[in-house]
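Visitor: First, the structure itself, so that you have it in front of you.
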Amino acid sequence: MLFTGVIYVDLKQWQPEDEHFWQTSGKSIANRNLWISIPSLLCGFAVWMMWSIISVQMLNLGFPYSASELFTLAAIAGLSGATLRIPASFFVRLCGGRYTIFLTTSLLMIPALGTGLALQDQSTPFWVFQLLALLSGIGGGNFAASMSNISFFFPKKQQGLALGLNAGLGNFGVTSMQILVPLFMTFGAFSLLGGGEPMVLQKASGTLIGSIAAGSDTWIQNAGFLWLLLLIPLAFAIWFGMNNIHTEEVTPKLPSAAGSFSIILMMYGIGFVTSMIGLWLILPEAANGSGYSIPKELVLVLVLFATVMALKLLPGAIRTSLERQYKIFNNRHTWVMSVLYIMTFGSFIGFAAAFPLSIQVIFGYSHIMVDGVMTHNTANPNGPSALTYAWIAPFIGALIRPVGGWLSDKWGGALVTQVCAVVMITCALGAAYYMQLAYQSATPEHYFMPFFLIFLGLFAASGVGNGSTFKTIAVVFPKEQAGPVLGWTSAVAAYGAFYIPQVFGEQIKAATPEYAMIGFAVFYALCVLINWFFYLRKNGEFYNP
């Protein structure tokens, strides 16, 4: 029996490759799970990335933090979200899909509610916002669990479409957040429920439909409260509408709900601990860090491997399962594809986190000489609103992602990746040029449109590259390794959500934001060489897979 009444039970038989089973019962169950999974993943991306918009409005409202400090909030969420993808890759096999998606989605209510409460008071300590940003990383971890879960519900010939819908529409959580949060901040949507009083803008802000003048009321706390409107009903939909697949291939030893929740929380706990240690080593003392100035690249590698090894120390079935999955690390192409996926998805998610505040800091201020010193703190009345424009770039990147898969089917994944890398080099250098001009100008708005259009090209190329790298992974790796490799590369690349905002914050503090883009262009050039050496040399192991 597949269900009793309205409460769906565990599926102890699941044969999607059997055409009769699929048409008579499997298809409807799989589609129901997919269409509950999609909005859950969308909310995960939204809560994970919401600090990119919140930090802009905190600056507009005069919260007592510098731009470089505010950049760390998106970076903290980025690092924890990437790290949590590592344990999340294994949740479905250990704990069941329904239990996993229910708990990981429900946990998002904590940073959503906490953020709404904390933003009602400008005297809230900075460490509170840092803690909430850390917890927002749960939304980033959800991707690995969600993709793993949906892949088991569909036959192989339909997995591409199902995973494409889940990932593609889930990625729209970034755009949805960048549209909805500014709109909800314009009115007291939750005032009758004790949602707090408005604050007054010190600098002009904006929404999708236009600018908002300084002196206007804004309800910044709605940026957190908004997601409760979706997360609460989603929790009920997941619990009563999704299924665990309790079979040998998917979840062979399904614990009770309480047992599954305990495993998930324990594994997530490891990810949080390694993330916090890494952040403490990286962040300056002014941002509650150690101030040791350890290179962030080294710390990211340490966090990554500390998480992997700590998980392996867990006892029983968890350790056995992980040891089987860890065989992917013996394949050199795991590391090659990790680098290439950092270039594509890492750039997409990192720039999505850093783009709004970068617009605000570079173009929202007039950069003028005062007593022979270049200053960057004079409000620019003609500056573009970051909240009006920021959503367009990740929207294009998410929308065009399926095109990358289609082009790769026709021309080969490695060739498409190579073209994307060249475009990304060109766009990164072009963006650096206009950033340099703007950050030295009293009228930076004159350089905004070419900068913005170039960034649209950068997002589009990264979106196409997301599809092409997935195609290469599917061809290069045997079937038993392709799934774990997808999970691993998605975790590694998600560190872009930490690294890129952190680099932008450092370079803006040094008054050289263009250096960030030049550095990324150098990395993309390295990826061109790596992609050519492994996948576009005709005498290589693989040619244009």
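Visitor: Among the residues of the stretch 162-221, which ones are open to solvent by 20 Å² or more (accessible area, probe 1.4 Å) and under 24 Å from the mean Cα position of the chain (by Cα)?
Guide: L163, G164, L165, L169, F172, S176, I179, L180, L183, F184, L208
Visitor: Let me ask you something else. Just to be sure, is F534 in contact with a His (Cβ under 9 Å, 6 or more places away or on another chain) and touching a residue at least 40 places away in the same chain (Cβ under 8 Å)? Outline the logic, then answer.
Guide: Working: in contact with a His (Cβ under 9 Å, 6 or more places away or on another chain): yes; touching a residue at least 40 places away in the same chain (Cβ under 8 Å): yes.
Criteria met by F534.
Visitor: In the stretch 146-202, what count of residues is obtained for those that are part of a helix (DSSP H, G or I) and farther than 16 Å from S216 by Cα?
Guide: 37
Visitor: Continuing with the same structure: When the residues of the stretch 237-282 are narrowed to those that are over 21 Å from the mean Cα position of the chain (by Cα) and among the β-branched types (V, I, T), which ends up most open to solvent (accessible area, probe 1.4 Å)?
Guide: I263
Visitor: Here is a follow-up. So how many residues does the stretch 478-493 have that are of a type in the set (A, V, I, L, M, F, W, C), touching a residue at least 60 places away in the same chain (Cβ under 8 Å) and open to solvent by 10 Å² or more (accessible area, probe 1.4 Å)?
Guide: Initial filter on the stretch 478-493 (of a type in the set (A, V, I, L, M, F, W, C)): 482, 485-486, 488, 491-493.
Narrowing the set further to residues that are touching a residue at least 60 places away in the same chain (Cβ under 8 Å) leaves 485-486, 488, 491-493.
Add one more test, that the residue is open to solvent by 10 Å² or more (accessible area, probe 1.4 Å), and what stays is 486, 488, 492.
Going through the stretch 478-493 one residue at a time, the tally reaches 3.
Visitor: A follow-up question, please. Taking the options A414, A354, name whichever one is in contact with a Leu (Cβ under 8 Å, 6 or more places away or on another chain), hydrophobic (A, V, I, L, M, F, W, C) and either more than 25 Å from I76 (Cα to Cα) or open to solvent by less than 10 Å² (accessible area, probe 1.4 Å) (or both).
Guide: Testing whether each residue is in contact with a Leu (Cβ under 8 Å, 6 or more places away or on another chain), hydrophobic (A, V, I, L, M, F, W, C) and either more than 25 Å from I76 (Cα to Cα) or open to solvent by less than 10 Å² (accessible area, probe 1.4 Å) (or both) leaves just A414.
Visitor: Then there's this: Out of curiosity, is L234 open to solvent by 10 Å² or more (accessible area, probe 1.4 Å), aliphatic (A, V, I, L, M), within 23 Å of L107 (Cβ to Cβ) and outside any loop (DSSP other than H, G, I, E, B)? Break it down stepwise before answering.
Guide: Details: open to solvent by 10 Å² or more (accessible area, probe 1.4 Å): yes; aliphatic (A, V, I, L, M): yes; within 23 Å of L107 (Cβ to Cβ): yes; outside any loop (DSSP other than H, G, I, E, B): yes.
Taking the combined requirement at face value, the residue satisfies it.
Visitor: Only residues in the stretch 424-444 that are touching a residue at least 40 places away in the same chain (Cβ under 8 Å) and assigned to a helix (DSSP H, G or I) count as the first member; pair them with residues that are open to solvent by 40 Å² or more (accessible area, probe 1.4 Å) and of a type in the set (S, T, Y), Cβ under 6 angstrom, at least 6 apart or cross-chain, and list the lot.
Guide: Within 6 Å, the pairs are A438/Y447.
Visitor: Please go through the stretch 14-50 and give me each residue that is in a helix (DSSP H, G or I) and aliphatic (A, V, I, L, M), ordered by number.
Guide: Within the stretch 14-50, I29, A30, L34, I36, I38, L41, L42, A46, V47, M49 qualify.
Visitor: How many of the residues making up the stretch 51-62 are open to solvent by less than 10 Å² (accessible area, probe 1.4 Å) and either more than 22 Å from G168 (Cα to Cα) or in contact with a Ser or Thr (Cβ under 7 Å, 6 or more places away or on another chain) (or both)?
Guide: 8
The values are calculated or read from the model by the stated rules, or taken from the named source; none is laboratory data. Predicted model only: the values in this text are computed from it and were never measured. No Cβ is skipped: glycine too gets one built from the backbone with ideal geometry, and neighbour counts run over all protein chains shown. Accessible surface is based on the protein model in full, side chains and every heavy atom, while ligands, DNA and RNA are left aside. Shrake-Rupley method; radii C 1.70, N 1.55, O 1.52, S 1.80 Å.
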